[in-house]
1. Given the rule -39500 (n - 2.57) for each run of at least 4 DSSP H residues, summed and divided by the residues of chain A, what is its mean residue ellipticity at 222 nm, to the nearest 500 deg cm²/dmol?
2. Just report the Cα centroid separation between region B:391-450 and region B:146-185, whole Å.
3. What ranking of B:LEU60, B:LEU479 emerges when the number of other C-beta atoms within 10 Å of each C-beta is taken as an exposure proxy, fewest first?
4. With +1 assigned to the C-beta of every Lys and Arg and -1 to the C-beta of every Asp and Glu, and no other charges, what is the dipole magnitude of chain A about the Cα centre in debye, to the nearest 20?
5. Listed highest first by mean packing, meaning other Cβ atoms within 10 Å per residue, what order do A:369-376, B:313-320, A:209-216 come in?
6. Rank these for me by crowding, A:ILE308, B:ILE190, A:ILE301, going from fewest to most other beta carbons within 10 Å.
7. Classify region A:31-394 as rounded, prolate or oblate from the Cα gyration tensor: take a ≥ b ≥ c as the square roots of its eigenvalues, call it rounded if a/c is under 1.5, otherwise prolate when a/b beats b/c and oblate if not.
8. How far apart, in nm, are the 7 Å Cα→Cβ label points at A:GLN133 and A:LEU87?
Amino acid sequence: MGHWLQSGEKTDGRIAMYEPVLNERQRRIDWALLTSLLGLMVIGVAFIYSATSVQESISRLPWYRQYYFLQILWFGLGLGAAFGFCLVDYHVWARWSLVLYWAMVAMLVAVLIPGIGALRFGARRWIDLGIFQFQPSEFSKLAFIFAQAHFLSRPAEELRQPAVFWKGIGMILLPFVLILREPDLGSALVLLPVGLVTMYVAGVPVAFLRRLMTGATILIALLLVDILFMPPGWWQIKVQDYQRRRLLVYFGREDSYNVRQAMISVGAGGLTGKGWRQGAQTVLGFLPRGVAHNDFIFSVIAEEKGFIGSVTVLALYTMVLFTGLRTASRARDRLGKLLAVGVVTLLFSHVFINIGMNIRIMPVTGIPLPLLSYGGSSVLCSLIATGILQNVYYYRNSY
Amino acid sequence: MLIFNPFKKGDRALLVLTVAILAGIGLLLLGLWYVQVVCSRRYLASQKVQSFRAVRVPALRGKILDRNGNALAENRPSFNVDLYLEELRDVFQEEFSRAVAQQSSILHRRLTRDERSELGKHTRYWVVSNVVQQLSQILQTPLSLAENDFLKHYTNSLVMPLPILDDLTPEQLARFQEQPDKPPGLNLEIQPLRVYTNGTLAAHMLGHLQRTVDFAPEEDLPFFYPLPDFEGKVGLEGAFDQELRGHAGYKYVLVNNMGYRQSENVWQPAEPGHNLILTIDLRIQKAAEQALHSNGADVKGAVVVMDPRNGDLLALASSPTYDPNQFVPRISSEEYQRLLDPDLHPLINRATYGAFAPGSIFKIVVALAGLESGIIHPDVVYHSKGYYQLGRKIFHDEAPAGDYNFRLAFLKSSNSYFIEFGLQTGWDRIMAIGQRFFLGHLARVPLLQERSGLFPNPNWLERRAVLGEPLQSGDVANLCIGQGYIAVTPLQMAVMTSAVANGGKVFWPRLVDRIESQGSPHGEVITAFSPGRLRGDLGVQPYHLKVIRDAMRADVEDSEGTGQRAAVPEMRICGKTGTAQVARPEGGFRRDAWFVSFAPYEQPRYVVVVFVEGGGYGGLTSAPIARQIYQAIQHLERQSSPSYGSLAAVRRKD
C-alpha cells in the first residue's frame, strides 16, 4: 500500500502526461474497492443464509436452490460482468450511451405492457425471462448514469445554456416517470439525486439548480400536504394506496408493521447483537419472511451483530464510496469523473435510503441494499456499477 | 490518505459531494447509535412483549403424613392428552389450500379476504376436530370438541396446548400408548393431582382444595398463562396452604408471529411444597371413624382422641364425612349441593366447629368447683327426691330417688345432687374453674374451622345484667347440669378431660408435629411445633382431681355406672356420660350423647371424647363407641409394632 500511496500522491493527471514511464508502474486494479466489495459480499451471503435458513420451506430445499447459494452465483455472474465491462475503455462504452439510454427507455415502456411485464404484488417491474426475472429499472440506472455523464461531459460553456440544462433535466424525468408508472417509487426517486448531483459536479450553474430545487421542494411539499392531510373525497392526487400508507408511516401518522418490526430488530440488537442466526425477529418470523433477506436484510444484520455490525457495514460502504470519490478526482477527463460521481451517488442513495428506513429517517420505498440484499438484478447492477468505477480507475492515465 | 485525496484537487464540487456523503453516513451512524445503544432497552422490551409468554407452573404440593409417616394426602400422576396445534400447521395449510381451490372453483372467482379468513377458521376447527375424532377411536371413548371452545382457545391461549382429555383411565392410557400411528400433535402430559389416600378418612381435618386461577404474576408480565393450580380452602390444606403449596415456577414460551409456540424454556423452576407431619395416628383415626360409623354412615357426631400427657391429638373425627377427592380436579355442582345439606352439614367439622350443650359431662367442672370450695364432701350423703324443685320449676332426674354420696351421685349422674351443691357453690366459683379449662375460648387448632363455644364469663354476665336479663338461680341450676347458656366443642372437652387425667395441666392441643421439606427419606425440618405446650394449670388440690378420677372410673366399672358400656377387659377406663337435652327448632327435644373418658386409670395415655348429635343417652350411644376405640388402641398396643414410634418412646420415659 505504501508504494501505491506514494505514487498516488505524486501522480495527478497533468504530471502523468509527462511521465509515461512512471505511469506504467501504477496499479491498475483498485484493491481497496475490491477488498471492501468482497467484504460486503461475504456479509451478504452470510446473512441471507441467516435470514432464510430458519424458514422451513426454504431450508428443506437442496442447497443449490437456496437463496444464499443463488446469491453466490449472482456474485460470480456480477463479478464476471464487471470484469468484462472493464475490458473495454469507458470511452468506448460512452459512445454507445445514447443507444443504451433509448434501449432502456424502450424496456421501461415494455415492462408496463401487460403480457411482457410480470405483475407481482400489484406492480409491473419484472420481465420474466424464464430462469431469471429481469428488472429493467435496476439496469436503467446504469444506462442513465452513462448517458448523462456522456451528455454533460461537453465543454463547460455549453452547460451554462438553459437549453442544455433543461435537456439534462428531461433526461432524468423520462425514466423517472416511466419507473414511477410501474410503480416503483424507490427506484424512481434514486434517479433524482444521481442526476442532480452529476449535473452539479459537471458544472451546471448552481443558480439553475437552486431555482429548480426550490420549485421542486414547493411542489413536493404541496403534494405531500395534499396526500397526507386532505380528507378523502376532496381534490386529491391519486397515488397507490400502499404508497400513501408508506408516506403516512414515514410522517408518523400511521404505524407500519414492517417498519415497526424492523426497528424492533435493529434496536433489540443492542451494542453487540444476539449472534449470527440468533435474531429472534427472524427466527420467530416477526420480521416478514418475504423481505427479511432482501429489503430488510440490514435489520437482520443489525439484530444479530448489533451496533458493531452496523458500523462494520457502514465502514465498508464508506470505503467503497470514497474509493469512488478518489477515482472521480483522478479520472482522466470529465466523462470519467462524472461516471464515478454518478455511481457513487447511486450507491450512496441506495445505502442511505435502505438503512435510513430501518431507523425511520427515510420512508419505506423498497429499494435494495447494494450487495447485501438478495436479488439478481440488484447484484448485477451494483457490481457493474463498481465495474464502472474500476474502469475509470483503470483507464485514468491512458490514451 | 485516500479519504483526503479528493480534497487536494481543489475541486469544490467533489468536496461538497464528499462532505454531503460524510454527513449522510454520520447521520446514519448517529441514528443507529440512538436506536441500538440509547434506546435498545425499549426495543428489547417490545420484542419481549410480542414474542414472550410466561407460563406459571404450579409446584408439587406437599404431603400430609401421620405421626408414623403414613400418607393422608399425597399426589398421584394424572395423565392428560393435549394437542399441540403448531404441529398441525402443515395439515392446516394443506387443507386450507384445498378448501380455497374448491371454493373458488365453485364460485368461479377469487375469494375475498373475509371469505378466506372465515374459511381458514373453519378449516382449522375441522382439522382439529378430526384429530379429536381419531383420538376418540383410539381411546374408544366418545370425545367431542365444541367449535366455540376451540376458537376461544385459538384466540386466547394459542401458546398453550389444547387440552383434549384429562385424567385418563388406565385402559385409556394403555390404548393411547399402544397406538403406533397417532395423529400429529397429540401429547401425553403428566400432571400431579392431589389424592387423599384414605378417601373420606379425616376429611374434615385435612380439608379440601379448590381450583384457582386468580394469581398475581410475580413479575410484571404482559402475557401470562397460569396452569391449573389448587388452593387449600379449609382444614390443614387451608391453614397450611402456603407451606404445602410451595412456590410456583415459571417457564417461558417464545411464540412466532402467528402466535404459535416456537420453543420453551424453564425460567424459574417450581419449588415443591413442604410436607406436614401430624400428631395424628392413622390407625386410631381409622378406629375412631369406624366406631363412630357403627351407628350409621350419616351419624352426626365427633370423636377426639388426645394424649393427656402432652396435648397431642391422635384422632380427630367428624361425621357425616365427605370425600375430599371429589374436589379434585373439580366438584360437580350436584355433589356440592349434597355437601351443603342443611341437616347433615357434611362440610362442618363437628369436633372443632360444633358447639353443643355438654350435659352431664359438665358435672366434672361443677364437682371440681364444689370440692375445691369445700361445699362438696365426698362422703356426705344427700337425699334425692328423684327430681329437684327450685321455686315452681321442677328439674327432672334420670337417677332415682335415694341417698347419694359423691361417688354414687357422679356415677349415676344425679342431677339433684349436682344442682343442690352447684347452687351452694355458686356460679362464680364454677365459672372460675371453667375459665381455667379455657371453656368459651378457641383451642387454636390450625383448621380454619373452629368455634369458641359459649361459657358465661364475667363480661357475658355483665352484658346480660345490662340487658335486664341477669342470670337467675334457675339458669344456674340448669348450667350445673350442663344445659342452658353453655356450649362446648368436643375438642374443648378433650382438653378438659386431659387436664383432669394428667393432674391439672391444661395443654394447647397439638395437631401438627412439624413441617419438613420434601426429600427422601426425610427432609429437612422447616418448622417444629413443640409438644406439651402448657396453656395453664388448674391450680387445684391433686386430691380433688383424684376424687373425680375415681368417680369416673366407677362410672365405667361400677355395675350401676352410666358409662359401663365403655368397659374393656384389662384396661381401666374412666369416663363420664352426658346427655344434653336440646330443644329442636321444630319443637320437642333431641338428646345429644356425650362420653368423655381417659385410660388407663393408673397412667392416663389416652383421652377419648365421643359426641353424637341426637344420639340419645350418652351411656347407651357414645360409651360403646368409646369402647370400640379403646379396644382398637388395646389391640395396637399389644402389637407394639416398632413402627409405633414416638408414642412408644414417650411411654418408656414415663
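No value in this document is a laboratory result; all are computed from the given coordinates. These numbers were taken from a predicted model, which means no experiment stands behind them. Positions of Cβ are generated from backbone atoms using ideal geometry, with glycine treated the same way; all protein chains shown enter the neighbour counts.
1. Working: 20 runs with 281 residues, N = 399.
When only DSSP H runs of four or more count, the value is -22500 deg cm²/dmol.
2. Measuring centre to centre over Cα atoms gives 65 Å.
3. Exposure proxy ranking, most exposed first: B:LEU60, B:LEU479.
4. Working: 35 positive and 21 negative charges, 51 e Å.
The calculated dipole for chain A is roughly 240 debye.
5. Values: A:369-376: 25.4, B:313-320: 27.8, A:209-216: 12.1.
Most protected by this proxy first, the peptides run B:313-320, A:369-376, A:209-216.
6. On the way: A:ILE308 15, B:ILE190 9, A:ILE301 30.
Taking fewest neighbouring Cβ atoms as first place, the list is B:ILE190, A:ILE308, A:ILE301.
7. Values: a/c = 1.59, a/b = 1.21, b/c = 1.31.
The shape class here is oblate.
8. A separation of 3.2 nm, rounded to one decimal place.
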